[in-house]
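Novice: Handing you a structure now.
The values are calculated or read from the model by the stated rules, or taken from the named source; none is laboratory data. Because the structure is a prediction, the values reported are computed rather than measured. When we count neighbours, we look across all protein chains shown, and the Cβ atoms used for this are built from the backbone with ideal geometry, even at glycine.
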Amino acid sequence: MTARKPLLVVMGVSGSGKSTLGTALADRLHIPFEDGDALHPAANIEKMASGHPLTDADRWPWLDRVGARIDGWRRAGTGGVVACSALKRAYRDRLAAPDVTFVYLAETPGTIRARLARRQGHFMPKSLVDSQFQTLEPPQPDERAVLSPPGQDVQARCQAIIAALQRQGP
């Protein structure tokens, strides 16, 4: 019998490296990757690009799209990795299932501000960093989550996350 392929949500504030790490994890695990930003409705992108944080009402339909992508991977048996901020417990609860693991990319506000100042071509302005950290509710011990602390390069993070997933089991 083959091992079940993982379903991962790489979460954290904008600029924490979700897409970079998610892509690397998907490559290492040979599973699909989806950037949750691509699932946002145009109105959400326009709102954030104009410097306004999203409300819960803005996020629910987007989270439902992310959840549908995870469900599709589950049904197909492919596993998958989605980069999705999932900043609040309520958002993670909307996506949670016994086979979904959240990978939390912890970063400091200073690191995020520096990254966003260098980032080009993304709709999320650095002016929303503070609102992201105000919204953030880090995963709690009762959630199926793996912490990826700051200060490691992408490959070291991948190795540590994969090891944690193996210890966690199905």
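Matching residues to (1) in a loop (DSSP other than H, G, I, E, B); (2) at pLDDT 90 or above:
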position: 87; (1), (2): yes, yes
position: 91; (1), (2): no, yes
position: 111; (1), (2): no, no
position: 117; (1), (2): no, no
position: 123; (1), (2): yes, no
position: 133; (1), (2): no, no
position: 143; (1), (2): yes, yes
position: 160; (1), (2): no, yes
position: 166; (1), (2): no, yes
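Novice: So, one more: Look through the range 95-111, keep the residues that are closer than 11 Å to residue 144 by Cβ and exposed (fewer than 14 other Cβ atoms within 10 Å of the Cβ), and return whichever of them is nearest to the chain's Cα centre (by Cα).
Specialist: Checking each candidate, the answer is 97.
Novice: Okay, moving on. Restricting to the range 39-80, and then to whatever is over 17 Å from residue 131 (Cβ atoms) and aromatic (Phe, Trp, Tyr), can you tell me which residue is surrounded by the most Cβ atoms within 10 Å (Cβ to Cβ)?
Specialist: That would be 73.
Novice: Run residue 69 past the list (1) over 20 Å from residue 162 (Cβ atoms); (2) free of Cβ contacts under 8 Å to residues at least 24 places away in the same chain; (3) not in a loop (DSSP other than H, G, I, E, B) and report the number of the one that doesn't hold.
Specialist: (2)
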